[in-house]
1. Residues being surrounded by fewer than 15 Cβ atoms within 10 Å (Cβ to Cβ) and of a type in the set (Gly, Ala, Ser): count how many of those fall in segment A:46-68.
2. Among the residues of segment B:33-45, which ones are open to solvent by 10 Å² or more (accessible area, probe 1.4 Å) and either more than 17 Å from the chain's Cα centre (by Cα) or assigned by TED's automatic domain parsing to the domain that holds B:ILE181 (or both)?
3. If we keep just the residues of segment B:229-249 that are free of Cβ contacts under 8 Å to residues at least 60 places away in the same chain and among the acidic types (Asp, Glu), which is farthest from the other protein chains (Cβ to nearest Cβ)?
4. Scan segment A:219-243 residue by residue and report those that are assigned to a helix (DSSP H, G or I) and of a type outside the set (Phe, Trp, Tyr).
5. What helices (runs of 4 or more DSSP H) lie completely within segment A:66-151 and have 3 or more residues being touching an Asp or Glu at 6+ places or on another chain (Cβ under 7 Å)?
6. Pairs only if they're at least six apart or on different chains, beta carbon under 8 angstrom, first in segment A:154-174 and open to solvent by 10 Å² or more (accessible area, probe 1.4 Å), second assigned to a helix (DSSP H, G or I) and aromatic (Phe, Trp, Tyr); list them, first residue then second.
7. Sort out which residues of segment A:199-221 are buried (at least 21 other Cβ atoms within 10 Å of the Cβ), within 14 Å of chain B (Cβ to nearest Cβ) and more than 15 Å from A:TYR170 (Cβ to Cβ), and write them in order of number.
8. Please indicate, with yes or no, whether at least one residue in segment B:149-171 is of a type in the set (Gly, Ala, Ser) and away from every other protein chain (no Cβ under 14 Å).
2 protein chains.
Amino acid sequence: MKDWLDGYDAREWQTTSEGTVRYALIGLGWWTIDVALPAIEESDLGEATVLVSSTSEKAERLASEHDVGAGISYDEFHEGAASDSYDAVYVGTPNAYHLEYAETAAELGKAILCEKPMEATVERAERMVETCEDADVPLMIAYRMHTDPAIQRCRELIEDGFIGEPVSVYGNNSQPLLEMIPDPDQWRLDPDLSGYGTSVMDLGIYSINTARYLLDRDPVAVQSRMSSTHEAFSDVPDERSSAILVLEDDVGMVTTDSQNAHEDTELKITGTEGQIDIQPAFHGECTLHLSRNDVSVTVEHEEFDAQGEMREEFDYFADRVLTGGDIHADGRHGLTDMRTIEAIHEAAESGDVVEL
Amino acid sequence: MKDWLDGYDAREWQTTSEGTVRYALIGLGWWTIDVALPAIEESDLGEATVLVSSTSEKAERLASEHDVGAGISYDEFHEGAASDSYDAVYVGTPNAYHLEYAETAAELGKAILCEKPMEATVERAERMVETCEDADVPLMIAYRMHTDPAIQRCRELIEDGFIGEPVSVYGNNSQPLLEMIPDPDQWRLDPDLSGYGTSVMDLGIYSINTARYLLDRDPVAVQSRMSSTHEAFSDVPDERSSAILVLEDDVGMVTTDSQNAHEDTELKITGTEGQIDIQPAFHGECTLHLSRNDVSVTVEHEEFDAQGEMREEFDYFADRVLTGGDIHADGRHGLTDMRTIEAIHEAAESGDVVEL
């Protein structure tokens, strides 16, 4: 236990502590400015050198406010402006714009860290993977849970047999989107920008991807249902959604997600011999509740909120870019989530089991 | 808050404190002897006067050990033996035998408290309801969660709008049955005795019924999947199961249940404005985790384990029998669970949405 706690924050993925990756940050919403940018500033191997936004005025203003070297517009980015000043891009725009920035970055030979979900549709996500493979540039999808120490320790525990054989998984991710961003016309509610919908694309992806990462098992079949009643959700099918996902080796996963509900995130994995319950799981400080036989422990950890997770993620990405090492959450890993989410939407529409 | 805590154990259902209901207990497994019998002894309005088992020897021996007046065999019960000594029966046999004891009790004019699930099949459960209605004897299904003070307070909170509009429900009930009862030939794994299966019939019913009680909403459609791989489960389809239940007013409920997994019980109800998370929910001392806005409280309560819940249930039942009052969890209430469980099994077999 002492060793386990002392090694809790260990970066077992780390292979270098030398070098710097310089980033252009694309899409300057609150997540990029308030979470990603400070995370890069805190990181060991990263530096933000360029901000990219709709207008050069906005980009320059934010660059000046945050002590970043340059601010350029989207158009300037596509023309290759300031491309000597960065080695990699972080794409934090609405989903349906990811591909075009990845394409330009690939042309410019830059490494790409792209927010999840990868794109608005499977087809566009596939194009992103092909583009990056053809250009031979690193592509990583920004699954920040992978580098949260709590999640890494869970993965080790599961590999070590802590829960026995996994039996079931429950994931919930719900939040009151319209209280957080009081705008009914925001991009997450516009399928042209968000893709298949809002709750599964934006929230459910956390449960799905984190379960895949922890169990090293992918979904093979899904069933689901979803509905929208609030008028702000009239263009998307999933104000609320429920799904059953069968993971490899017959693990039965259920999920609920809503963009119009009380905030709660939980991921619970029950096995034949134990259980790992992560609550909160995806927002706030990841807290582990571990049970086996008749003993339960709760592991609280103060440091890793979303910004701490992003710092770890930027350093993991930089480590791989600097050393040319394999990236775990690469484009093909992200594609599996895109196909799963598409299947969940198909299943909700048809009422049928959709195989993957 | 002071009033709420001081009134936590309140029996708002109580209408009398006078009188005694004398019980014949039918089916003397560990639950009847170790939980139900002490619960009656602790209750205000109940008294165990007759024990009924496979042989008069076993019944007499247990009656003598536990200071109960008489012990008779199943055959003697059907012949009306000792029928002057009891006013009501508690039926705690394997599911597929419930009907025959209810039929005899109804003929004898006795009130019936029958364990859940009501019977092995919908058709037999319907016969039980008709038999009791024709004989005009009270029939209650033993849903012990209804009289747990924690559950009663939750129901009030939900009625008062604590969680806003309900959005989603998650229920899990899992246990390592073969460690608890190390016998691969036990009745819960024999569909002739248990009915449609084992995990949904025996465990899932807690999530389904408690959600119905708390939200006052019934399922309208289900989807599900289930599987069995362990050889002890070869005769039942649901060593593990997952389901989506759509409740009235579009509440999306998901459940997981397994008779071959680490013990865990949780029922979580998320609304537009708050959340009630009950964990543990169905075994051990029901613990409430209440959240609304940015505030969370945990309500721990030492007194109400399963025996405490059963004591409350016996007193509720006795109160209604003595006064002739309406019973909430009557046979028709139980029938809805039977139909829901049957639909979950049908849905798992077909892969289709099954409407209720």
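The values are calculated or read from the model by the stated rules, or taken from the named source; none is laboratory data. Quick caveat: nothing in here was measured; it's all calculated off a predicted structure. Neighbour counts are summed over all protein chains in view; Cβ atoms, including those assigned to glycine, are modelled from backbone coordinates with ideal geometry. We work out accessible area using only protein heavy atoms, side chains counted, and drop any ligands, DNA or RNA first. Shrake-Rupley method; radii C 1.70, N 1.55, O 1.52, S 1.80 Å.
1. Number of matching residues: 2.
2. Step one: list which residues in segment B:33-45 are open to solvent by 10 Å² or more (accessible area, probe 1.4 Å), which gives B:33-35, B:38, B:41-44.
If the condition is that a residue be open to solvent by 10 Å² or more (accessible area, probe 1.4 Å) and either more than 17 Å from the chain's Cα centre (by Cα) or assigned by TED's automatic domain parsing to the domain that holds B:ILE181 (or both), then B:PRO38, B:GLU41, B:GLU42, B:SER43, B:ASP44 are the ones that fit.
3. Among those residues, the one meeting the criterion is B:ASP235.
4. A:GLU231, A:ALA232
5. Numbers: elements: A:74-78, A:98-107, A:122-135.
Once the helices (runs of 4 or more DSSP H) in segment A:66-151 are filtered for at least 3 residues that are touching an Asp or Glu at 6+ places or on another chain (Cβ under 7 Å), what remains is A:122-135.
6. Pairs that qualify, where the first residue is open to solvent by 10 Å² or more (accessible area, probe 1.4 Å) and the partner is assigned to a helix (DSSP H, G or I) and aromatic (Phe, Trp, Tyr), are A:ARG155/A:TYR213.
7. Across segment A:199-221, the qualifying residues are A:SER199, A:VAL200.
8. Going through segment B:149-171, the residues of a type in the set (Gly, Ala, Ser) turn out to be B:150, B:161, B:164, B:168, B:171.
Filter again for away from every other protein chain (no Cβ under 14 Å), leaving B:150.
Yes, segment B:149-171 has at least one match.
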